[in-house]
Structure formats: structure tokens, C-alpha cells
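Asks: First the structure, then my questions, so here it is.
Since every read-out is calculated from the coordinates, none of them should be taken as a lab result. Worth saying up front: this structure is predicted, and the values here are computed from it rather than measured. Don't worry about glycine lacking a Cβ; one is built from the backbone with ideal geometry, like all the others, and counts go over all protein chains shown.
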Amino acid sequence: MGTHGAGFEMGESTPYFLPKLSHMTAPLDSIPAICPELGIEVPVAIIERELHKLWEQDDATTNASLMNLVVYSEKAGALIENSAIIRELTREHACRAILVGIDRHEPEPTLRAWITAHCHLADGRKSVCCEQIAFHLTGRVTGRFRNTVFAHLNSDLPLIFWWQGELSEILTERLVSVIDRLVIDSSSWADPAASFTMIEEASQANPDLIIQDHAWTRSWQFRIGIASLFDDPIAQEALPEIHAVEITYHPAHRNTALQVLAWLAVQAGWKDAVTDAGWAFESSHGKAISLKLSEDASGPPLSSLVIRENRTSVQVTQKAGSSHVERQVETAGYKASSLSPIDPTSPADLVAIQLSRGGKNSLYQKMLPRFRGLLVK
Amino acid sequence: MNPFREDLVSRSRPEPCSIVIFGATGDLTHRKLIPALYNLAVDGELPTGVKIIGFARREKSDAEFRAGLDELNRKVSRSGHDDEIWDSFIQTVSYHTSEFTDPDGYRRLAEKLDAIDAERGGKGNRLFYIASAPEFFDEILIALKNAGLNEAKPGCWARVIVEKPFGTDLATAKHLNQVVNDTFHESDTYRIDHYLGKETAQNLMVLRFANSIFEPLWNSKYISHIQITCAENLGMEGGRGGYYEKSGALRDMVQNHLLQLLSLVAMEPPTDLSADGVRDEKVKVIRSLRQWDTREKVAKNVVRAQYTAGHIDGTAVPGYRQEDRVSPTSETEAYVAVRLLIDTWRWSGVPFYIRMGKRLPKKSTEISVHFKDAPCVLFNALSGGVPGGNVLVIRIQPDEGISLRMVSKIPGTSLRLEPVKMDFHYSTSFGKGSPEAYERLLLDAIAGDATLFARRDEVEEAWKFIDHIERAWHESDSPPVMAEFVAGSWGPKEADELLQQDGNAWRRL
């Protein structure tokens with residue numbers, strides 16, 4: 001790779017020509033025309049032509065793309081943060097990345113764009129690069145934003161739309177109609193019940209829309225741990241007689257805990273119930289199942305999920321600071337445990353996992369109505 | 001049924017079990033099996049409560065056995081070596097010293113397994129992995145039966161995985177199948193062919209049956225011929241000559257791996273994705289192979305060869321007969337090319353060519369589907385015609401991927417055509433590495449999914465085809481010649497002529 005000014009940026013194993021910023025929270029209005037993280041500023045009307053030039057300058061690269069990945073944020077400084085995330089994501093997920101930073105409080109409508117490419121060595125040989133276009137919009141943006149994004153999608157490739165932060169009216173029916181996958185983090189919402197109403201409307205506008213929620217992804221190892229433990233005939237035998245579920249979570253991740261409870265209830269066929277001690281579940285043959293939710297502000301999003309029967313208990317736990325989740329099944333005179341990796345916490349890792357899994361995420365859709373019911377309890 | 005498994009993992013339910021590995025001190029256990037089980041643990045796929053027992057003749061303590069596994073896992077594990085997970089995993093591993101024929105050794109093994117089961121209220125599943133040298137397969141199976149270890153306890157299962165080679169000819173394969181089936185039910189028998197666990201091999205069915213554009217073209221109307229190549233640049237390093245002298249390229253690779261690939265390429269769509277649904281269709285392909293059952297047919301359709309001294313990557317390498325542990329008068333083939341015909345409606349008249357060789361220029365396994373030329377009008381009527389037809393290449397290893405060659409106009413005012421290539425690489429499109437074949441296959445066996453394992457009839461039909469060729473080579477009064485090629489070249493000229501008789505040529509890799 002040469003030291004050309006078009007904006008190729010190589011991974012750590014090869015030299016790159018622009019210095020990286022050590023601090024990535026520059027305010028949007030201070031982004032220079034040539035920005036180490038975002039590449040070079042180009043007129044919006046000639047973005048595709050400028051991208052084409054990028055590839056012409058060096059024939060030793062492969063332009064790879066399996067999807068359009070739009071990252072939307074209204075947070076100041078998010079463009080530069082998200083560019084760093086895309087640099088990591090493109091190691092495993094080739095895409096055309098379109099970053100959108102919005103400042104709707106600026107009265108003057110403006111639109112600026114930067115282009116760059118994130119390059120990584122594949123198998124230590126070939127340089128594989130992914131294009132990135134970054135847009136910064138100010139003022140009233142709804143229509144301009146949508147059309148700007150539509151104009152720069154790679155045709156025929158799926159559109160993954162990662163919405164960061166609170167939902168807003170910009171998530172219109174027309175925008176939703178072209179999205180294949182909407183990535184959200186319901187843990188970041190101030191009013192999850194209201195926001196999930198918007199998600200329901202989006203799903204009605206586009207029945208094929210796949211929702212991927214970071215809050216749900218954070219519980220993956222816990223859910224697969226429970227599922228794996230119930231493969232054991234010992235745990236299976238205990239399933240009809242379960243009488244207690246205990247879950248410990250970080251206060252910022254209540255949605256994750258409630259989603260796990262909703263999932264357990266939906267899959268095991270437990271109905272909602274109310275007892276003197278508060279809300280609870282009831283098994284399909286009438287057995288009361290108590291619920292105990294505890295907060296632990298010093299722990300990970302989920303630190304413990306215990307399911308109890310008289311003789312047998314099944315539990316998945318993650319200690320604060322640990323890099324592993326422990327699965328355990330215990331019955332009279334027998335205890336077996338194993339370790340598995342913890343769920344990721346960074347947004348980039350969560351998105352990477354969601355992209356790796358693909359699929360319809362039908363279990364999430366199945367769990368969602370029950371979860372929304374728990375939200376208002 | 002486990003209600004919590006829905007949508008998390010698509011495969012069947014992997015239950016806790018005791019895994020007994022026969023041949024535990026061998027290379028396969030250290031380099032493949034234990035790292036595969038460890039990586040399953042890392043991915044959270046190995047059921048909690050699995051116990052692993054290494055069974056071998058050499059005296060060792062648990063600690064010595066574990067130390068050896070630790071040392072190699074650090075070098076070869078796909079996902080690296082996480083000390084905390086390893087420490088937890090290795091606690092489940094123990095060592096059992098016994099001769100393969102010693103009834104007392106099996107009695108002690110049974111006691112050990114019963115003790116493990118006792119912790120679980122007397123219940124326990126068992127998976128026996130026979131990874132020993134093939135001459136012990138019979139004895140191990142018979143000893144397992146005599147010790148009653150082949151019988152599952154009520155509500156539990158007992159399964160066996162048998163490594164290749166599954167026999168050395170049809171008679172020995174039938175015998176081994178009989179011994180296996182006298183010991184375990186066929187539904188509990190898993191004959192492993194690690195090629196079927198490779199990501200690209202699994203993708204073959206997806207490519208064919210999940211894309212509507214290929215299947216309509218996948219027949220004799222549009223396909224000229226299909227080539228399956230397995231090229232290796234290595235020779236008989238590391239003492240492999242001793243084993244190879246007894247097997248040869250045909251039995252070592254063609255009978256199992258390459259015929260399995262052939263069956264995946266040529267089979268009809270299965271009625272479902274169940275193990276028998278898929279294997280029913282695969283075996284029909286092998287059964288439909290036209291048999292080369294005379295010396296003349298073998299001479300016309302099969303080429304065998306040995307390499308002479310040459311150079312690979314600039315390094316001088318010896319000829320086959322000069323290799324370590326190879327007889328100077330060896331009649332074992334280190335290269336084989338076979339022309340096959342499948343007598344089905346779909347493939348009538350379409351030749352399939354399989355070639356496998358040692359000391360070829362590079363390591364590569366691929367399937368190439370060569371489509372017929374476009375009709376001879378328009379561009380084909382131009383001087384020079386169209387430069388080559390469409391070729392779909394499925395690369396199995398290394399650099400797994402798929403490419404499609406097609407013809408394009410060269411930019412300019414004149415009408416000139418050149419072939420261009422659309423290329424898909426797993427490594428660039430999906431940065432995440434694929435699991436090792438053994439990981440997938442071990443988990444499938446634990447979960448009771450035999451789709452990627454060979455069934456008895458598949459193995460026997462394959463041997464039936466191979467036996468005719470072996471007999472012509474070794475039992476005929478005037479056997480077909482053993483051709484020669486220089487190490488580092490793409491095989492003997494006789495192999496080129498094999499395709500030339502049909503107007504075809506080997507694809508240049």
C-alpha cells in the first residue's frame with residue numbers, strides 16, 4: 001500500500017499512512033476536511049466517483065462487502081467513535097459502512113461527507129478493504145437523511161441499520177421499509193415501554209424486519225448455558241417441578257434480566273401469576289414458581305441465574321471481573337460444572353456477534369410480547 | 001425435549017456422556033480429538049458433565065497424560081489456549097492403561113464408567129472413539145462386547161466412532177461392518193470421514209439446493225464434465241511411507257474422501273435433511289457408478305503413477321521408491337486419476353474425473369464443474385470463438401471458497417472476449433475462522449446426528465468399485481502400467497491423455 005491521500009487505512013499488521021487519534025471524542029463541528037479516522041472530506045454529489053478513485057490507486061486490494069451497515073447516532077462525537085468500531089468490525093464482517101452523525105439542534109441545515117476504507121490482511125496475504133462513508137447532518141434532517149442513505153447503498157446487499165440511543169421520529173415507516181435488520185440497545189432507553197411500541201409499529205410496517213437487541217445478545221451465554229444444562233436428563237426430569245427462579249443483574253441491565261425471564265416463561269409454558277410476595281409464574285400444571293430479582297451494581301449485566309427444584313438446581317453464574325461463565329447442575333450427591341466464555345460488553349463485539357449469527361431471530365420476536373408485559377409490572 | 005434449546009442451536013441435543021478414546025497416546029488424539037473437544041468447551045458447546053477417558057497400552061498417569069495434551073493443545077488449538085477453561089476442561093480427562101486385547105483392562109474400564117455413572121444416579125451415556133491403529137479395530141470391538149460395554153443402560157445410549165481406514169477392501173470392510181454391527185446397532189455407529197466435516201463440503205448441499213440458479217443447470221444437458229482434485233505437495237515425510245505402502249492413493253483417499261465428495265456433488269435432492277435422507281441419496285450415486293471390472297476397462301479409465309525425483313518449492317525431493325520406508329521395487333501408486341461415469345438420468349454421458357497425488361506442485365483440494373460451451377452462433381462464430389466455457393470451482397482446502405469463470409468483452413472498439421472470474425473467499429467474506437472438522441463431527445456424534453458420517457452400504461459400495469481396480473492392478477497377469485511423473489509436476493502424461501480421449505483437459509490449479 002502506498003501513502004496516498006485517498007483514505008485507505010490498514011489494520012495493525014501493516015503500515016497505514018494517517019496517524020490515529022488517541023482521543024476520539026472530538027465535537028462534530030471540529031472535524032477537519034482530512035480526518036485520520038474518517039478519511040477525506042468529499043462533496044456529497046461525487047462520493048461514488050471518489051470512492052472509485054480510491055480503488056484505482058492500488059490494485060493490491062480486494063473490495064469486500066456482504067452488507068450495507070448504517071450506523072446512526074445523534075450523540076456528539078459519535079462519528080469518530082463509530083469509525084473506530086467499524087475498523088474493528090470489518091476484520092470479520094465485510095461491509096459498506098455508512099456512518100451518520102446528526103445534530104438536529106443546529107438551525108442551519110448542512111451536510112458534509114468523508115470517505116475512507118478500512119483494510120486488513122486476510123490470511124496474512126491479501127489486503128481486504130471495506131468502504132466507509134461518513135455523513136454529518138445538521139438542522140431538520142428527516143427527508144435528507146433518508147435520501148442520502150438510500151443513494152449510497154450497495155444494491156442487492158442487505159441493509160443492517162444500527163440505531164444508537166433513543167429512538168426518534170426519524171425512524172419513519174419509509175425508512176423501516178428498506179431495512180433488513182434493525183440493531184438497537186433497549187438497555188439505553190429511558191422509557192423502554194414507549195420505545196418498544198415504536199418497534200412494534202416498525203415491525204408492522206415491515207413484517208420481514210429482524211430486530212437485534214443488544215440487551216438480548218448480552219444474555220446469550222446465560223441462555224445457551226441454561227439450554228445446555230437442560231440437555232442433561234437430570235435437569236430435564238426436574239423441569240416440571242421447578243419452584244423458583246432467581247436472577248441477579250446490574251441495575252443498568254434490567255431489560256436483559258426481564259428478557260431472560262420472559263424467555264424462560266415462554267419456552268417452559270409458564271403463565272403469569274400474582275402471589276402475596278409479588279409477581280410470579282405458574283407452571284402448565286399449576287405449580288407456583290417464585291421469582292426473585294436482585295440487583296448488583298458491582299457485577300456484570302447478568303451475574304446469576306438459578307433455577308430450583310426440590311432436589312436439583314441448575315445455575316449459570318458470572319463473577320464480577322471474571323472472564324468466564326460457570327454452568328452447574330447439582331442434584332443429590334452429584335454436581336457437574338463447566339466454564340464457557342462470557343458475553344461481550346462492547347458495542348462492537350455485540351454487533352459482531354449479532355452479524356455472525358444471522359437468521360431470523362424468531363425467538364426474540366416470540367419472547368417480546370411477554371417481555372413487554374413484564375416491563376409494565 | 002428441551003424447550004430451552006429452540007433457536008439457540010439447530011442440531012440435535014448433545015447430552016452429557018463419557019467419551020472413551022482408544023489409541024489415546026496417538027497423534028490423532030493429541031493433534032485433533034482433544035483440541036476439538038477443548039474448542040467445543042471454549043465455544044460452550046461441550047455438554048457439562050462430559051468425561052473423557054484415554055485408553056492406550058503405554059503406562060502413564062493421569063498427570064502425565066494431561067501434561068502431554070496440554071503441551072500440544074497450546075500449539076495446535078484453533079482458538080488458542082485459555083488457561084482457566086483448559087484447567088476446568090482437563091479435570092474431566094483421565095487415562096486408562098490397558099492392552100487392547102486384555103479383558104481385565106475392559107473390566108476395569110467398565111468399573112470406571114460405572115463409577116462415573118453412579119455419580120449421576122446410575123445413568124450414563126457412552127461414546128467409544130476407536131482411533132487406534134486399524135489392526136486393533138476388531139479386537140477392541142469384540143472386547144467391548146465381551147465386557148458388555150456395547151449395551152446402553154435403560155434410557156441411555158452407547159455409540160461408537162470408527163476412524164478410517166474402514167477396511168482395506170470389500171471383504172475386510174464387510175467383515176469389519178459385521179463385527180461393528182454385532183457389537184453396536186448401525187444407528188449407533190459413526191464411521192468418520194473428516195472431509196465431510198469441512199465447511200466447504202457442508203456448503204455443497206447449500207450451494208446446490210439453497211440457490212435456485214444452479215440446480216436447473218446441474219445435469220448432463222448443461223454440464224460437460226466434473227473434476228475432483230486432491231493435490232498434496234508432501235511426500236512420505238515423518239515415516240508415512242510405511243502406512244502408504246500398504247494403502248496407496250486409491251485406497252487412502254479416493255475410496256473414502258473423494259467418493260464422498262463425488263456423491264455430494266452428484267446426488268439428487270434428499271427428501272429431508274435427516275441422516276438417512278441424505279445418505280440414501282449419496283449411496284445411490286456410488287451404486288450407480290459404472291464398474292471398471294475388467295483389466296481393459298481399468299487400463300482405459302484409470303491411471304496410476306509414482307513420482308520420480310524432482311523439485312518442489314525449489315527444494316530437491318526424492319522419488320517415491322527412494323522415500324523413507326518405501327520399497328525400492330514398490331508397486332504402490334502415489335498418484336491416481338480415475339474417469340468415472342454415473343449411470344443415472346441426470347448424469348448420463350457426463351464424465352467425472354478424480355485425481356489424487358503426492359508431490360504435486362501445491363496442496364489443493366477442489367471440485368470444478370465445467371459447463372458446456374454456448375451454442376456455436378453469434379460470438380462463437382467469431383474467429384477464435386469463445387475462450388473457454390463456464391467453470392464453477394468449489395475450493396475445499398486451502399483458501400475455501402467458490403469461483404465462477406465466465407466470458408466478458410474486453411473494453412475497446414473491437415469485439416474481443418476474455419474469461420473473467422467471480423471469486424468468493426470464505427476468509428475475506430467471513431473473517432471468523434471455521435470450526436475444525438473434528439469439532440463438528442464429535443458434537444454431531446454426541447448429539448446423535450449421523451448425517452455427516454458414512455453408512456455401512458456407502459462404505460461397501462465404494463469398496464466394491466475400488467476393488468475392481470485394485471484387482472486389475474495386483475492380480476492381473478498383465479497389469480496396467482505404473483506411469484511416472486517428475487515430483488513437482490502435475491502428474492503423468494497418461495493422466496492428461498485420460499481426459500484428452502473425451503476432448504477435455506485437467507484444470508490448471
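Asks: May I ask you to list the residues in segment B:338-379 that are assigned to a loop (DSSP other than H, G, I, E, B) and out of contact with any strand residue (DSSP E or B) (no Cβ under 9 Å at 6 or more places or on another chain)? It would help to see each step written out before you state the result.
Replies: Step one: filter segment B:338-379 for residues assigned to a loop (DSSP other than H, G, I, E, B), giving B:343-350, B:358-363, B:372-377.
If the condition is that a residue be assigned to a loop (DSSP other than H, G, I, E, B) and out of contact with any strand residue (DSSP E or B) (no Cβ under 9 Å at 6 or more places or on another chain), then B:T344, B:W345, B:R346, B:P375, B:C376, B:V377 are the ones that fit.
Asks: Checking the structure you have, find out if any residue of segment B:425-448 is more than 26 Å from B:L262 (Cα to Cα) and away from chain A (no Cβ under 14 Å).
Replies: So far as segment B:425-448 goes, no, none of its residues is more than 26 Å from B:L262 (Cα to Cα) and away from chain A (no Cβ under 14 Å).
Asks: Follow-up. Among the residues of segment B:143-187, write down those that are surrounded by fewer than 21 Cβ atoms within 10 Å (Cβ to Cβ), touching a helix residue (DSSP H, G or I) at 6+ places or on another chain (Cβ under 8 Å) and among the acidic types (D, E).
Replies: B:D169, B:D182, B:E186
Asks: In addition: Can you tell me which residue within segment A:122-181, out of those that are farther than 24 Å from A:A33 by Cα and polar (S, T, N, Q), is nearest to the other protein chains (Cβ to nearest Cβ)?
Replies: If we filter segment A:122-181 for residues that are farther than 24 Å from A:A33 by Cα, which is where we start, we get A:122-128, A:142-143, A:154-181.
Applying the additional criterion that residues be polar (S, T, N, Q) yields A:127, A:142, A:154-155, A:164, A:168, A:172, A:177.
On the way: A:S127: 10, A:T142: 34, A:N154: 14, A:S155: 16, A:Q164: 23, A:S168: 31, A:T172: 30, A:S177: 25 Å.
Applying the filter and picking the extreme gives A:S127.
Asks: Confirm whether B:G503 is crowded, with 18+ Cβ neighbours inside 10 Å and in a loop (DSSP other than H, G, I, E, B). Talk me through it step by step, then tell me what you get.
Replies: Numbers: crowded, with 18+ Cβ neighbours inside 10 Å: no; in a loop (DSSP other than H, G, I, E, B): yes.
In short, no.
Asks: Can you name the residue in segment A:160-218 that is more than 18 Å from A:M367 (Cα to Cα) and of a type in the set (F, W, Y) and is also farthest from the chain's Cα centre (by Cα) among such residues? Reasoning before the result, please.
Replies: We begin by selecting, within segment A:160-218, every residue more than 18 Å from A:M367 (Cα to Cα); these are A:160-180, A:188-191, A:205-206.
Checking which are of a type in the set (F, W, Y) leaves us with A:161-163, A:189.
Values: A:F161: 10, A:W162: 7, A:W163: 9, A:W189: 14 Å.
The residue in question is A:W189.
Asks: Looking only at helices (runs of 4 or more DSSP H) that fall completely inside segment B:53-143, which ones have 1 or more residues that are under 30 Å from the mean Cα position of the chain (by Cα) and without any contact (Cβ under 8 Å) to a residue 40 or more places away in the chain?
Replies: Ranges flagged: B:62-76, B:83-90.
Asks: Identify the residue in segment A:336-377 that is polar (S, T, N, Q) and within 20 Å of B:F430 (Cβ to Cβ) and, among all such residues, is surrounded by the most Cβ atoms within 10 Å (Cβ to Cβ). Spell out how you get there, then give the answer.
Replies: Of all residues in segment A:336-377, those polar (S, T, N, Q) come to A:337-338, A:340, A:345-346, A:354, A:356, A:361-362, A:365.
From what's left, within 20 Å of B:F430 (Cβ to Cβ): A:354, A:356, A:361.
Working: A:Q354: 23, A:S356: 12, A:N361: 18.
Across segment A:336-377, the extreme among qualifying residues is A:Q354.
Asks: Among the residues of segment B:30-52, write down those that are assigned to a loop (DSSP other than H, G, I, E, B) and β-branched (V, I, T).
Replies: In the first step, residues of segment B:30-52 are kept if they are assigned to a loop (DSSP other than H, G, I, E, B); the result is B:43-50.
If the condition is that a residue be assigned to a loop (DSSP other than H, G, I, E, B) and β-branched (V, I, T), then B:T48, B:V50 are the ones that fit.
Asks: Exactly one condition in (1) within 14 Å of chain B (Cβ to nearest Cβ); (2) touching a helix residue (DSSP H, G or I) at 6+ places or on another chain (Cβ under 7 Å); (3) not hydrophobic (A, V, I, L, M, F, W, C) is not met by A:S187; state its number.
Replies: The single condition A:S187 does not satisfy is (1).
Asks: Give the residues of segment B:384-426 that are under 34 Å from the mean Cα position of the chain (by Cα) and basic (K, R), sorted by residue number.
Replies: Taking segment B:384-426 and keeping what is under 34 Å from the mean Cα position of the chain (by Cα), we get B:388-407, B:419-426.
If the condition is that a residue be under 34 Å from the mean Cα position of the chain (by Cα) and basic (K, R), then B:R395, B:R405, B:K421 are the ones that fit.
Asks: Can you tell me which residue in segment A:315-349 is farthest from B:I52 (Cα to Cα), limited to those that are more than 12 Å from every other protein chain (Cβ to nearest Cβ), out of contact with any Leu (no Cβ under 9 Å at 6 or more places or on another chain) and among the small types (G, A, S)?
Replies: Among them, the one singled out is A:S346.
Asks: Restricting attention to segment B:20-42, does a residue exist that is within 14 Å of chain A (Cβ to nearest Cβ), in contact (Cβ under 8 Å) with a residue 60 or more places away in the chain and touching a strand residue (DSSP E or B) at 6+ places or on another chain (Cβ under 9 Å)? Give the steps one after another, and end with the answer.
Replies: Within segment B:20-42, the first condition is being within 14 Å of chain A (Cβ to nearest Cβ), and the residues that meet it are B:37-42.
Right, trim to in contact (Cβ under 8 Å) with a residue 60 or more places away in the chain and you get B:37, B:39-40.
Now restrict to residues that are touching a strand residue (DSSP E or B) at 6+ places or on another chain (Cβ under 9 Å): B:37.
Yes, there is a match, as at least one residue in segment B:20-42 is within 14 Å of chain A (Cβ to nearest Cβ), in contact (Cβ under 8 Å) with a residue 60 or more places away in the chain and touching a strand residue (DSSP E or B) at 6+ places or on another chain (Cβ under 9 Å).
Asks: Restricting to segment B:450-482, name every residue that is closer than 19 Å to B:A305 by Cα, under 26 Å from the mean Cα position of the chain (by Cα) and small (G, A, S).
Replies: Result: B:A472, single match.
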